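See structure below.
Just so you know, all these numbers are worked out from the coordinates, no wet-lab data involved. Nothing here was measured: the structure is a model prediction, and the numbers come from that model. Cβ placement follows ideal geometry from the backbone for every residue including glycine, while neighbour counts extend to all protein chains displayed.
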Amino acid sequence: MDHALRVAVTGGTSGLGLALLRELRRRGARVAFVARTPRAVEEVARTHQAHGIVGDVARKEDIHPIALQITAALGGLDVLVNNASSLGPAPLALLADTDCEQLELALATNVLGPFRLTKALLGALSASAREGRGAVVLNVSSDAAINAYAQWGAYGASKAALRHMSSIWGEELAAEGVRFLSLDPGDMDTPLHALAVPDADPATLKRPEAAARELADAIAGALPR
Ligand SMILES: NC(=O)c1ccc[n+]([C@@H]2O[C@H](COP(=O)([O-])OP(=O)(O)OC[C@H]3O[C@@H](n4cnc5c(N)ncnc54)[C@H](OP(=O)(O)O)[C@@H]3O)[C@@H](O)[C@H]2O)c1
């Protein structure tokens with residue numbers, strides 16, 4: 001049996017997702033990743049010997065092709081990291097100034113996408129748990145899932161929903177051995193953060209590489225020894 005950990009990461013071409021992909025590859029994992037921009041996917045796949053998949057987790061039609069490519073490329077799946085995310089309105093806006101379509105985009109990317117992808121990959125994850133390899137779904141959260149920050153309404157509401165959904169998934173699938181983690185990586189110096197808070201001083205922000213090491217440790221801690 002191939003013992004290398006098989007991991008899928010959504011949003012693997014930038015920020016935390018890219019740092020996590022690099023950290024996991026450094027630790028010997030086989031990685032498949034998803035992002036929307038073909039050129040970036042190709043570049044990251046080549047540079048890091050990972051399996052790149054072009055797809056949009058917010059699009060219902062993309063989910064099954066993404067899931068099939070993940071399991072075909074890795075021959076199964078031990079870990080799913082739902083990391084890709086949308087702010088909703090960018091620049092950020094008060095809820096009163098947020099269009100329904102912007103809220104829909106945040107929910108489609110941050111809640112429905114992870115829900116659909118997790119569902120589509122449950123068979124592979126459960127099989128991995130049964131084989132004793134373990135199975136983990138890590139949903140990347142935010143302090144905006146807990147604190148009510150003005151102008152972060154669409155993002156905060158979607159991350160709160162994702163966080164609660166992770167807890168319920170975890171309750172429902174504990175007996176099958178599929179573990180769910182919901183972790184806040186902290187404020188990091190990434191393009192998403194720059195879009196949300198353009199005047200932030202990057203020196204005050206966490207490096208995505210540091211958050212990636214913490215997440216990789218948490219994944220390792222949730223798998224059987
Ligand atoms: N940065 C922070 O300070 C911070 C704080 C707390 C939590 N987080 C969370 O950390 C995670 C990573 O954030 P980040 O700051 O690293 O973001 P980022 O630098 O903007 O990277 C986002 C990645 O996701 C991909 N992506 C975006 N929408 C997608 C979609 N619909 N389908 C597939 N891929 C998609 C992007 O590539 P394409 O655009 O090519 O698709 C890119 O690879 C998110 O869940 C975010 O909410 C970040």
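Remarks
- Estimated at 0.36 nm per residue, the fully extended path between Arg130 and Leu68 surpasses their Cα-Cα distance by 20.3 nm.
- Restricting the calculation to alpha carbons of the range 70-127 gives Rg and Dmax of 15.2, 47 angstrom.
- Residues Ile146, Ile168, ranked from the fewest to the most other C-beta atoms within 10 Å, line up as Ile168, Ile146.
- Packing-based order for 48-61, 152-165, using average beta carbon neighbours within 10 Å, highest first: 152-165, 48-61
- Rounded to whole Hz, the Karplus (6.51, -1.76, 1.60) HN-Hα couplings of the range 75-91, x for glycine and proline: x, x, 7, 9, 9, 10, 10, 8, 10, 4, 7, 10, 6, x, x, 9, x
- Highest to lowest packing among 80-86, 127-133, 7-13, scored as the average C-beta count within 10 Å: 7-13, 80-86, 127-133
- The range 6-222, relative contact order in percent, only Cα pairs under 8 angstrom and at least six apart counted: 22 percent
- Using a simple spin-label model with pseudo-atoms 7 Å out from Cα toward Cβ, Asn147 and Ile168 lie 2.7 nm apart.
- The range 148-177-the range 1-38 distance, computed between alpha-carbon centres (Å): 22 Å
- Relative contact order of the range 1-76, pairs being alpha-carbon contacts under 8 Å that are 6 or more residues apart, as %: 27 percent
- Rg ratio for the range 6-222: its Cα radius of gyration over 2.2 N^0.38 Å, N being its residue count, equals 0.96.
- Between Asp189 and Ala90, the FRET efficiency estimated from the beta carbon spacing at R0 = 22 angstrom works out to 0.80.
- Inter-probe distance in nm under a simple model that places probes 7 Å from Cα toward Cβ, at Glu42 and Ala4: 2.3 nm
- Computed over the range 167-212, the range of Cα coordinates on each principal axis works out to 46, 19, 13 Å, biggest value leading.
- Cβ-Cβ distance of Arg207 and Arg59, R₀ of 30 Å, FRET efficiency by 1/(1 + (r/R0)^6): the value works out to about 0.45.
- Dipole moment magnitude, nearest 20 debye, the range 107-212 about Cα centre, only Lys, Arg, Asp, Glu C-beta charged: 400 debye
- Considering only Ala212, Ile146, Pro198, and ranking their Cα positions along the charge dipole of the range 6-222 that arises from unit charges at the beta-carbon of Lys, Arg, Asp and Glu, the one farthest toward the positive end is Ala212.
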